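Okay, so here's the structure we're looking at.
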Amino acid sequence: MKSVLLGIGVLVMVTSCMVGPKYSRPTTPQPEKYVQAPTTSDSITNLKWWDVYQDTTLQRLIRGAIEANYDLKIAIARVDEAKAILGFNQANLFPFLDYRAQGRASEFRSSASQAGVGFPGNSVSLLGNVSWEIDIWGRLRHANRAAYAELVSTDETRKSVYISLVAQVAELYFQLRGLDERLAITQRTYDTRKEYLRIIVLRFEKGQVSELDKLQAEQIAAAAESQLYSLERAIIITENAINVLLGRTYAPITRGLENDVQNLPVDIPSGLPSELLERRPDIRSAEQQLVAQTERVGVAVAIRFPSLSLTGFLGVASPEVSNLFSSDAFVGSVTGQLAGPIFRFNQNKRRVEGERARLQQVGFAYERTVLSAFAEVENSLAEIRTYRNEFAARQTQVTATEKSLMLSKALYDNGYTSFLQVLDAERELYNSQFEKSIALQSQLISTVRLYKALGGGW
């Protein structure tokens, strides 16, 4: 018993000599607060996506995408793959036990035996083979930790795909509703311009207006008609994009609330910048990649040291099956082997240098991910603020152009101005309504992008 305990103690001691670097999170520049944020007391990411996007139709589309999207399915399958790889690496830490059963029957006549090639003709054996590499320098444990970090990174990537999927569906939905609104604006404008054209043609036939007025009326009516086809094309493309996210072929997308009645948070707190490192899955994924590469450096360093392995077999063997399980049939052997490199023309050294160079690359990639994340948050906050102000200005513009068109039509009908002024006012109204719709759509989409940039939704 003392010998067994001593052997266990020796194994524990030798397996505690891990070589290689230890991971520590790099220091990355972080702002104390977001410059564009009105407040940092809380974060919108404390809300789930179904609390942010309260349009029930949009909610159904997002849930459908989560269930059927192929990118998300691929990400989930990659997590399963990473779990299997981790289990494969974990198995290397334990002894391997294999079995081998063998039977042989042979016959050598007297002349063959006299020739010196004869040996006992019959044998039966049943053996269990054991092999175990003692992880003295931590090569196997480093590999195991690298595989675990890869698993965590892959799962964080799955969360990133989830967040991106929710954001893509919401963005495309708001874009689709914006296109619907602009299609309705264009259709009303086209109907109005067709009526202008009808009236101008009648007046031209009576000699009350010039041909120039008729041509101008035809021009703006045709421009509105062509815009209808452009918007129709954009709607179909957007619907197809949503269908792809839903994992299905083309089908018309059910509509819910219009953009101007969407109930999204008016004031969107962004939280503290320090929270971003823990909230965003892509940052956590990049950090776990850094952890994994740090462990791979440890694997490369450990390869430069000798390895200790134990091999052996235990079983029974006999020339006759009837005596196979007798006490005299027992066989057993154990072998310890210490092997290490002596001269490899700096191959192992170069391996370590290569892994350390990769560690630098992964570290730079992590820092770049962090900086990009802060930039995305600031950009989204700026977009929300500026699009909100732009939308308010567009509302004022629409009101002014509506009054301008009304006055221009009155002046033209009473012969105080040319039809060109009416056309200019009508074009200004159409453009202002169009731009107002785009500003509202952009404001909603910027909210989606901020929610994504802050790492919310999963």
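Applying the selection to segment 179-219, what residues are crowded, with 17+ Cβ neighbours inside 10 Å and closer than 17 Å to Tyr412 by Cα?
Within segment 179-219, Thr192, Arg193, Tyr196, Leu197, Ile200, Phe204, Val209, Asp213, Lys214, Gln216, Ala217 qualify.
Of all residues in segment 332-369, which are touching a Leu at 6+ places or on another chain (Cβ under 7 Å) and in a helix (DSSP H, G or I)?
The answer is Val362, Gly363, Tyr366.
Scan segment 197-234 for residues that are without any contact (Cβ under 8 Å) to a residue 40 or more places away in the chain and either among the acidic types (Asp, Glu) or not assigned by TED's automatic domain parsing to the domain that holds Gln175 (or both) and report the count.
Qualifying residue count for the region: 4.
Condition first: touching an Asp or Glu at 6+ places or on another chain (Cβ under 6 Å) and in a loop (DSSP other than H, G, I, E, B). Now tell me which residues in segment 120-140 satisfy that.
Of everything in segment 120-140, just one residue is touching an Asp or Glu at 6+ places or on another chain (Cβ under 6 Å) and in a loop (DSSP other than H, G, I, E, B), namely Gly121.
Tell me which residues, restricted to segment 95-121, are exposed (fewer than 10 other Cβ atoms within 10 Å of the Cβ) and at pLDDT 80 or above.
Within segment 95-121, Ala101 is the sole residue that qualifies.
Given the structure, is Ser309 hydroxyl-bearing (Ser, Thr, Tyr) and assigned to a helix (DSSP H, G or I)?
Considered against the rule, which asks whether it is hydroxyl-bearing (Ser, Thr, Tyr) and assigned to a helix (DSSP H, G or I), Ser309 comes out as no.
In segment 419-437, what count of residues is obtained for those that are touching a residue at least 60 places away in the same chain (Cβ under 8 Å) and not aliphatic (A, V, I, L, M)?
Count: 7.
Find all pairs meeting these conditions: Cβ atoms under 8 angstrom apart; at least six residues apart or on different chains; first residue within segment 339-360 and among the hydrophobic types (A, V, I, L, M, F, W, C); second residue surrounded by 12 or more Cβ atoms within 10 Å (Cβ to Cβ) and assigned to a helix (DSSP H, G or I).
Sorted first by the residue in segment 339-360, then by its partner, the pairs are Val352/Val297; Val352/Ala300; Val352/Val301; Leu359/Leu290; Leu359/Gln293; Leu359/Thr294; Leu359/Arg296; Leu359/Val297.
Answer yes if at least one residue in segment 366-381 is within 23 Å of Arg177 (Cα to Cα) and in the same structural domain as Arg198 (by TED's automatic domain parsing), and no otherwise.
yes
Can you name the residue in segment 275-319 that is over 17 Å from Ile163 (Cα atoms), among the hydroxyl-bearing types (Ser, Thr, Tyr) and in contact with a Ser or Thr (Cβ under 8 Å, 6 or more places away or on another chain) and, of all such residues, is surrounded by the fewest Cβ atoms within 10 Å (Cβ to Cβ)?
So, considering only residues that are over 17 Å from Ile163 (Cα atoms), among the hydroxyl-bearing types (Ser, Thr, Tyr) and in contact with a Ser or Thr (Cβ under 8 Å, 6 or more places away or on another chain), the one surrounded by the fewest Cβ atoms within 10 Å (Cβ to Cβ) is Ser309.
Restricting to segment 381-403, and then to whatever is aliphatic (A, V, I, L, M) and under 26 Å from Arg449 (Cβ atoms), can you tell me which residue is surrounded by the most Cβ atoms within 10 Å (Cβ to Cβ)?
The selected residue is Ile384.
Could you list, in sequence order, the residues of segment 404-431 that are hydroxyl-bearing (Ser, Thr, Tyr), at pLDDT 85 or above and surrounded by fewer than 22 Cβ atoms within 10 Å (Cβ to Cβ)?
Listed by number, the residues that qualify are Ser404, Tyr416.
The values are calculated or read from the model by the stated rules, or taken from the named source; none is laboratory data. Quick caveat: nothing in here was measured; it's all calculated off a predicted structure. Virtual Cβ from ideal backbone geometry, glycine too; neighbours counted across all protein chains shown.
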